[in-house]
Structures are given as structure tokens and as C-alpha cells.
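**Q** Before anything else, here's the structure in question.
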Amino acid sequence: MKKLLLLLLLPMGLFAQNNDPNMGIIPAPASVSRGKGEFKFTPETIVLVDSPNHKAIKFISEYLRKANLATSVTDMGTMDKKRTSLKNSVKLSLIFKEDLPAEGYELKITEDNIELRGRGAGMFYGIQTLIQLIQKSNSPGYAIVPCATIKDNPRFRYRGMHLDVARHFFDVDFVKKYIDVMAMYKLNYFHWHLTDDQGWRIEIKKYPKLTEIGSMRAQTKVGRAAGPTAVPGLFDNTPHGGFYTQEQINDVIMYAASRYITVVPEIEMPGHSLAALAAYPEWSCDAGKTYKVGENWGVYDDFFCPTPETFKALFDILKEVMDMFPSAYVHIGGDECNKVSWKKSEFCRQLIAEEKLKNDEGLQSYFINKIAKYVSSQGRQIIGWDEILEGGLAPGSVVMSWQGEKGGIAAAQMGHDVVMTPGSGGLYFDHVQSKSTQEPLSIGGHAPLSKTYGYDPLPSVLTSAQQKYVIGVQANLWTEYIATPGKAEYMLLPRMLALSETAWSLPSNKDYKNFSTQRIPRHLAQLDRNGYNYRVPVPIGASDTVLKGNKFKIELAPSVDGAKIHYTIDGAEPTENDLVYTAPLEFTVPERETIVFRSIVVTSSGKRSVSTSIKMEN
Ligand code: TNX
């Protein structure tokens, strides 16, 4: 009987943590010192808190309650300190003093108790670390946490993840699920791309047609829009739409705030605004024209015209947006405005002359400056894509560098804050994760996990004084080819975990081998249990290769804890009915013969990786 109980209490994930210097934690903490033994949660464990109403404390209380652990929470202010021992307790103290760095925490786990001290959001981040360390058992009330002292704080203060809900609409439940996974990995800015050519997704009371008309398109381009595999005329013939009411927006903002995430709204201008013109053609340079909400991808030639009427409308819209969103930053887009409709417009020619602007780039700068001025008059700051540099940057604006790092570098040199999000840095999560033909259709580009992981947001051409303007890093999920929540999660995970480590951890604490082979498998299994879809990496140790020789040894490990590797040796596409890898394999290849070893990973929930082949040629 006793033996059986011991088995039941055997924690999950213990082995993975044993020789991992980061103890399985993502993002890697600033410092981890492993102790001996472990703290044991029992039904008698109590939680002692000094700030019962603090958001982070509420979060952990709720987590522990759901996990059936330490359900009693005691306010330290109300207890007699001398009489209550700290044994078998989880003590959570908020630090208001500056003895911890911004957003920092210190977590001490001993056999007797757990003590967490956190400064501001640091308390929440310490809680996320603690949650990652708790090894649940099958018996309610019991769990263990390995002893350790962890001191941690982020490298960057802006750790962002973007979601495009304009190209495809995602409902509030999905947005919350997205925010949940961001919070688990200590990201703190959710960039919500709410408007674009193909849809306007935010209710604006003063201009109801924006959502009545602008939130619905008649059909959607399917297949690639351009390139060798494009099928230009292929549309799905199915209306697509959706928008958030102001009440729903508010709900999302509050939900994110309780997880220390700021929601940054993006209202695109002057380009990427066709959906708004479909509703209000009078904001275009050719008001006689009729416009329909975009059905194709790419860049459209019609967008906001810099007339007083358009500015008035945009100020009204931004006012409503700022009333909804408490964020200090308001994203106003600014990208990919090709100026075509401005070039044809008599009004624009005159405006350029009157305002003594150099050219159409000058007009773009005039446009952004006017908006920036309005936004800053309301006590906020604009963020824009790097094209806001065209023709001169408005004071106080923050640049999001997406076309490589050059925009970000230029802005930092001018003393503007910068968020790095270059497509070339593996931060475009709409790009494919491998070159396999089995990857789902995507916009193109190649951003494997290792590339996202390897990105460093601080360009070495900047002096250390200029580097201070790089406030952080972000990855973007554009959804032209992402129509379902499952695919969005597939493209997001596990790359978002690499982003998290790039944003949070010191470069000296980053180690791709440790990340991808020791920590990722554990986290993917956990994400699976939490109901997330993700891309299953190919078996650890396998990649598409051609090897020459006659004797080979193949040693693999599953990329997700608890998953199986299936393989074939005749080059056939493996399925879950094929051979199961259990131990290293040795092959002797006859002269002038080739063995094609092909393998996949299949998780216990049935998710599978793309296949990868090792060609052994003699
Ligand atoms: C460029 S990134 C865009 C988006 C597209 C994306 C596709 C940026 C500022 N503009 O409108 O969705 O490429 O990768």
C-alpha cells in the first residue's frame, strides 16, 4: 500500500529539471541557485500574504484554489506574528522599496517554506516562476517544489506580442487565451492590430458605419497572393467579419491588466485604411468613388486623405480609443502608405505647396505629426511602424522597427524610444517555421525557432547611451493566412517562448541547446495540458541531412515530454502505426546503397510533427 502511494505521488517533470541549470524555467531567470531537497505542499500548507487585495495575490490564490493546493490564505497583518510559525507556508510579500530592480522578484524555496518577495509586477512574475516549478501529484493537496533561490528581473521593459485581428477576426475568448499564454511567459504588452484594409474591428460610437460596413468583407483571398505558387483569382466566396463592442474591449483591457499586460491599440493610418473608406468615402481623396472592404492582401492605393474633415474624424476616433485604453502608447500604424491616391489628388498637391512640404514623404510626415500632436495633447505617446521616420519624426514618437533594424537604429540615434520587431530577426510569426512542404500555407519567409531565439534586440552599432532607447522587443502575428485559432496557436507556439527569453533573459543566460532540448519539451507538454495547439518540433537529434559512410548510429529524443517517435527506414512517410523509437539505432549500409531514415514525433494528445529524413549513403 505504502509503495503504491509513493508511486502516485511521483511528480511529473522531475527528471527534466534535474540537470537543467534553469530548472525548467522559461524565460531563463537572471540567477538560479539550486538547493537540496524540496518543499512539500500538503493539505495543511497555508499562504501568508501582506497585500491580500493585490492583483498578483488574487491571481495566485485563484491558481492554488483551482490546483487544489493551499486553499487557506491568511493576511499577515491580521495574525499574531510570534505565534504563527512560518513552517509549511508560502509567504508572499510585496516590496514597495527599491531594494529589488524594476519588475524584479526573489523566490526562496526551502524544505520549510517558500518566500517570495516581489516589486510591483515582479510579484506576478515570481508567481509565474513558482507555478512553473510546482510539480503536481495525483493526490489533491499534495505537490512538491524543488529547493532553490531565484533572483530575477527583466532585461527589457517592453516585451510585446502582437495580434492582427483585422485580416481574420478572433473572438474575445481567444484573445483572452492569447493573453493568458503571454502572461505565463512574462510578456507585458499586447499590441492589438484592430483596423486594416480588410476589416475594422473596434466599435466607435461616433462613426457607427465603421463597424456596420467596415467590419465585414464579402470574401477572402485564398492561396498565395503573389509569387510562383500564387493563384491570383482564387477567393473563398464566403463573407468574413466581426468586431468588438466597447464593452468587450474594456473586458479584454481589464483581463490583461490583472495579468500585468498593457493593451496597445493600433488604429492604422494613413495607409491600410480601406475598410474605413468603405464606410466613409468622404475621408478619401476621391469622395465620389465607392470603396469595398479589402478582399485581397498586400498594399492598396486608396487610404485616408489629409483633409481637415479626415483629421477631425481621426481625432474623434482616437479620442474614443484613448477613453477606452489606458495605455500610454497609442499605435497609429504609419506603414506601407504608397501615396498613390495622394499623388493623383489636386488637394494634396495644393497642401504640399501651402505647407511648403518637400514631397509626398513630407506629406506623410505632416500627417503623422498632426496625429502625434493630437495624441500627445491628450497625454499619450504615439508608436508607429518605421515608415513614420519618412520626412522627419514627430517629437515624442516611438518607432517600431519592422523593416530590419535600420529604422530603429536611426530613431535611437535621434533619441527616440524604439521597439525592435524586425522580420529579419525571426519575429514575424506569420513566416514558416521550417522548410518542410508539410508546413501549413503561410505568407512566406522563414523564421525557425532557433532564429527567433538567436535575435538580439540591441544593435552593436549603437553606443551604450543610444542602446538605452531600445526599450524592448516584439513579435508579430499577421493573419492573412491564419483563419483559425488552432493555426494561430500553431504559428505562435513555441516561438513565443523564444521571444520571451529574448525579451527577458540576459544574453549570458541564453543557451539554445538547453532551451530547445531540456526546457521546450516540458513546456510543450504543459501547454498541451492547458489546451493550446502548437507546432511539434521534429525529433531532437534529427534534421534533414545526408550522411556518407557505412556505419551510423541514430540517437533521438522526443521534442515533447511523453511523446513518441515513429520512424521508417525505407523513406516512406511515417505515421503513428510505424516503428516506435525506444533506443539508439545502429545501421550498416551495404555498399552503393542508401537508407532513408524518416521520423516524426507524435504527442500523447495526437499532435504530430512534420517528418524529417536522415539519408545514409554508402
Ligand atoms: C507587412 S509589418 C505589414 C503587414 C502585413 C505583413 C505580412 C507591417 C507594418 N506591415 O500589413 O500583414 O507585412 O507579413
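Each reported figure results from applying straightforward, stated rules to the coordinates on display, with no laboratory input. None of the values given here were measured: they were computed from a predicted structure. Because the Cβ atoms are built from the backbone with ideal geometry, glycine has one as well, and the counts that use them run over all protein chains shown.
**Q** Of 339/435; 373/468; 66/513; 55/136, which pairs sit farther than 28 Å apart, going by alpha carbon to alpha carbon?
**A** The answer is 339/435; 66/513.
**Q** Output the lone cysteines of the chain: those with no second cysteine's C-beta under 4.7 Å from their C-beta.
**A** Among the cysteines of the chain, those whose Cβ sits 4.7 Å or more from every other are 147, 337, 348.
**Q** Here's a follow-up. Given points 7 Å out from each Cα along the Cα-Cβ axis, report the residue 373 to residue 287 separation in nanometres with one decimal.
**A** 2.3 nm
**Q** Which percent, nearest 5, of DSSP beta bridges in the stretch 131-268 are antiparallel? Walk me through the intermediate numbers first.
**A** Values: 7 of 18 bridges.
If I count the DSSP bridges inside the stretch 131-268, around 40 percent turn out antiparallel.
**Q** How far, in nm, would the chain grow between residue 358 and residue 157 when pulled straight, counting 0.36 nm per residue and subtracting the alpha carbon separation?
**A** Working: separation 201, 0.36 × 201 = 72.36 nm, distance 3.71 nm.
Result: 68.7 nm gained on full extension.
**Q** Then there is this: Mind checking the full-extension length gain between residue 72 and residue 238? Use 0.36 nm per residue of separation minus the Cα-Cα distance, one decimal, nm.
**A** Working: separation 166, 0.36 × 166 = 59.76 nm, distance 5.26 nm.
Gain on extension, residue 72 to residue 238, equals 54.5 nm.
**Q** Using alpha carbons only, how many degrees (0 to 90, rounded to 10) separate the axis of helix 246-257 from the longest principal axis of the chain?
**A** Value to nearest ten degrees: 40.
**Q** For the chain, rounded, prolate or oblate, judged on the Cα gyration tensor with a ≥ b ≥ c (square roots of eigenvalues), a/c < 1.5 rounded, else prolate if a/b > b/c?
**A** Here the chain falls in the oblate category.
**Q** Something else: Straight distance only, please: which aspartates and glutamates reach the Cα of residue 177 with their own Cα at less than 14 Å, same-chain residues fewer than 8 apart left out?
**A** Within reach: 251, 489, 528.
**Q** With everything on Cα atoms, drop me the angle between helix 360-377 and the longest principal axis of the chain, reported from 0 to 90° to the nearest 10.
**A** The angle comes out near 70 degrees.
**Q** With each label point set 7 Å from Cα along the Cα-Cβ vector, what nm distance links residue 513 and residue 615?
**A** Taking the two extended label points, one gets 2.8 nm.
**Q** Still on this structure, I have one more. May I ask for the net charge around residue 286, where only other residues with Cβ less than 11 Å from the Cβ of residue 286 are counted and Lys, Arg are +1 while Asp, Glu are -1?
**A** Result for the neighbourhood of residue 286: -2.
**Q** Compute the relative contact order of the chain as a whole-number percentage, counting only Cα pairs closer than 8 Å that sit 6 or more residues apart in sequence.
**A** Details: 1369 pairs, mean separation 67.4, N = 618.
Relative contact order of the chain: 11 percent.
**Q** Cut-off 13 Å, label point 7 angstrom out along Cα-to-Cβ of residue 592: give me the residues of the stretch 525-546 whose amide nitrogen falls inside.
**A** Inside the label zone: nothing.
**Q** Here is a further query. Can you sort 388, 267 by how many other beta carbons sit within 10 Å, fewest first?
**A** Final ranking by Cβ density, sparse to dense: 267, 388.
**Q** Shifting gears a bit: In degrees, nearest 10, range 0 to 90: what is the angle between the Cα axis of helix 495-504 and the longest Cα principal axis of the chain?
**A** The helix 495-504 is inclined about 90 degrees to the chain.
**Q** My understanding is that a pair violates if its Cα-Cα distance is over 32 Å; which of 206/370; 209/487; 176/343 do that in this structure?
**A** Correct reply: 176/343.
**Q** Is the shape of the stretch 164-219 rounded, prolate or oblate, going by the alpha carbon gyration tensor and its root eigenvalues a ≥ b ≥ c, with a/c under 1.5 for rounded and a/b larger than b/c for prolate? Before the final figure, lay out the partial values.
**A** Values: a/c = 2.79, a/b = 2.16, b/c = 1.29.
It is prolate, given that a/c is not under 1.5 and a/b is the larger ratio.
**Q** To continue, here is another question. Could you tell me whether the stretch 545-617 comes out rounded, prolate or oblate from its Cα gyration tensor? Rule is a ≥ b ≥ c as square roots of the eigenvalues, rounded for a/c under 1.5, then prolate if a/b exceeds b/c, otherwise oblate.
**A** prolate
**Q** What's the exposure ranking of 284, 424, going from fewest to most Cβ atoms within 10 Å? Working shown, then result.
**A** Details: 284 24, 424 14.
So the ranking, lowest neighbour count to highest, is 424, 284.
**Q** Count the DSSP beta bridges whose two residues both fall in the chain, then state the antiparallel fraction as a percent rounded to the nearest 5.
**A** 45 percent
**Q** Counting only DSSP beta bridges with both residues in the stretch 31-152, tell me the antiparallel percent, nearest 5.
**A** If we restrict to bridges inside the stretch 31-152, about 55 percent are antiparallel.
**Q** Once label points are set 7 Å from the Cα along Cα→Cβ at both residue 410 and residue 172, what is their separation, rounded to one decimal in nm?
**A** If labels sit at residue 410 and residue 172, their model points lie 4.2 nm apart.
**Q** Using a Förster radius of 25 Å, what is the FRET efficiency between residue 312 and residue 245 based on their Cβ-Cβ separation? Nearest 0.05, please.
**A** For residue 312 and residue 245, the calculated efficiency is 0.55.
**Q** Also, quick follow-up: Quick check on the chain: helices-only [θ] at 222 nm, where DSSP H runs of length 4 and up contribute -39,500 (n - 2.57) each and the sum goes over total residues. Nearest 500, please.
**A** Helix contribution divided over all residues of the chain: -7500 deg cm²/dmol.
**Q** Any idea what the relative contact order of the stretch 463-618 is, in percent, if you count C-alpha pairs under 8 Å spaced at least 6 apart?
**A** Here the relative contact order equals 22 percent.
**Q** Count neighbours as other Cβ atoms within 10 Å of each site's Cβ, and list the trypsin sites (Lys or Arg not before Pro) in the stretch 332-414 that are DSSP loop with at most 13 such neighbours.
**A** Within the stretch 332-414, the qualifying trypsin sites (Lys or Arg not before Pro) (loop, at most 13 other Cβ atoms within 10 Å) are 344, 356, 358.
**Q** Hey, with R₀ at 25 Å, roughly what FRET efficiency would residue 583 and residue 547 work out to, going by the Cβ-Cβ distance, to 0.05?
**A** With a Förster radius of 25 Å, E is 0.80.
**Q** Okay, next question. Assuming R0 = 45 Å, what is the FRET efficiency of residue 205 and residue 230, from their Cβ-Cβ distance, to the nearest 0.05? Intermediate values should be presented prior to the final figure.
**A** Details: r = 40 Å, r/R0 = 0.90.
Working from the Cβ atoms, E equals 0.65.
**Q** In addition: Please work out how much length the chain gains when fully extended from residue 438 to residue 340, using 0.36 nm per residue of separation minus the C-alpha to C-alpha distance, in nm with one decimal.
**A** So the extension gain works out to 31.4 nm.
**Q** Can I ask one more? What are the GluC sites (Glu not before Pro) within the stretch 309-378 that DSSP puts in a loop, where the Cβ has at most 14 other Cβ atoms within 10 Å?
**A** 355
**Q** List 591, 586 from most exposed to least, where exposure is judged by having the fewest other Cβ atoms within 10 Å.
**A** Arranged by neighbour count, lowest to highest, 591, 586 become 591, 586.
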